[in-house]
Amino acid sequence: MTDNNYFKFSNSVLLVPIIAVLSIWTVYWVELQFKINFNHFGVYPRTLSGIKGIFFSPFIHGSLKHLYSNTLPLVVLSAALVYFYKPVAFKVLFYGTLLSGLITWVIGRPSYHIGASGVIYLLASFIFFKGVFAKHFRLIALSLFVVFVYGSMLWYILPIKEGISWEGHLGGFITGLFFAYFLKADIPKPKKYAWEEDSYNEEADEFLRHFDEDGNFIESTPESEPETDLDTTTPIKITYHYKENKEE
């Protein structure tokens with residue numbers, strides 16, 4: 001598979017982020033409109049009733065600030081996932097969300113854990129590690145972009161700030177790493193040049209022949225002209241033919 005066949009834009013690159021954002025904003029609008037609170041649908045660790053939060057917690061947010069802070073990363077990372085890893089994108093989103101929620105349910109503090117931040121950590125972790133494992137120059141560039149833009153999020157997988165579900169962040173991070181390592185994706189193989197092949201022979205390389213063992217350039221002498229059977233002593237006779245221009 002070539003890069004041109006793999007890296008193609010499709011409608012899903014736009015639809016998936018739009019659906020994700022509409023989902024979380026619609027749920028928050030319903031809470032405000034009808035003056036209800038869905039926090040009890042979040043993940044409550046190690047309780048039977050808290051299991052439902054594995055499915056519902058990514059759609060629930062405690063405040064407008066919380067919702068807004070998750071919106072842009074969700075758009076960028078989900079679009080990147082679908083564009084660069086389309087064959088496995090929906091598996092990562094669906095099964096990854098469930099697994100990260102399950103980890104939160106197992107290790108979390110006795111409190112309601114809500115928000116899409118666990119999914120964001122899942123996407124960031126998967127995109128970063130998958131690019132490193134794939135060793136494809138485009139995917140590595142994407143991994144570097146994720147580090148540059150969202151690298152500071154790594155601190156929040158630790159309990160450094162009160163009121164933040166670091167357990168959900170950690171669950172998403174671990175799940176992303178797990179999927180990046182074990183989930184196989186049909187990614188184009190990196191292009192190999194002739195000198196990267198195992199069968200490469202330096203002595204047969206025309207370019208390297210211009211250098212000695214110390215790396216000094218060796219000027220090549222022009223090859224002698226091949227001998228021919230033509231008689232070069234006989235002068236060549238050239239005859240010109242002129243055609244009269246009748247229009248003049």
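Every read-out reported here was derived from the displayed coordinates using simple, explicitly stated rules and does not represent laboratory data. All figures in this text were calculated on a predicted structure; none of them were measured in a lab. We place every Cβ from the backbone using ideal geometry, glycine too, and count neighbours over all the protein chains shown.
Values as computed for the structure displayed
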| quantity | calculated |
| --- | --- |
| Efficiency of FRET between D186 and V106 - r from beta-carbon atoms, R0 25 angstrom, step 0.05 | 0.20 |
| Potential lengthening between I140 and K52 on full extension [0.36 nm per residue; Cα-Cα distance subtracted] | 28.0 nm |
| Protection-proxy order for peptides 102-110, 21-29, each taking the mean of Cβ atoms within 10 Å per residue, highest first | 102-110, 21-29 |
| Geometric extent, Cα atoms of region 14-70 - Rg, Dmax (angstrom) | 12.1, 37 |
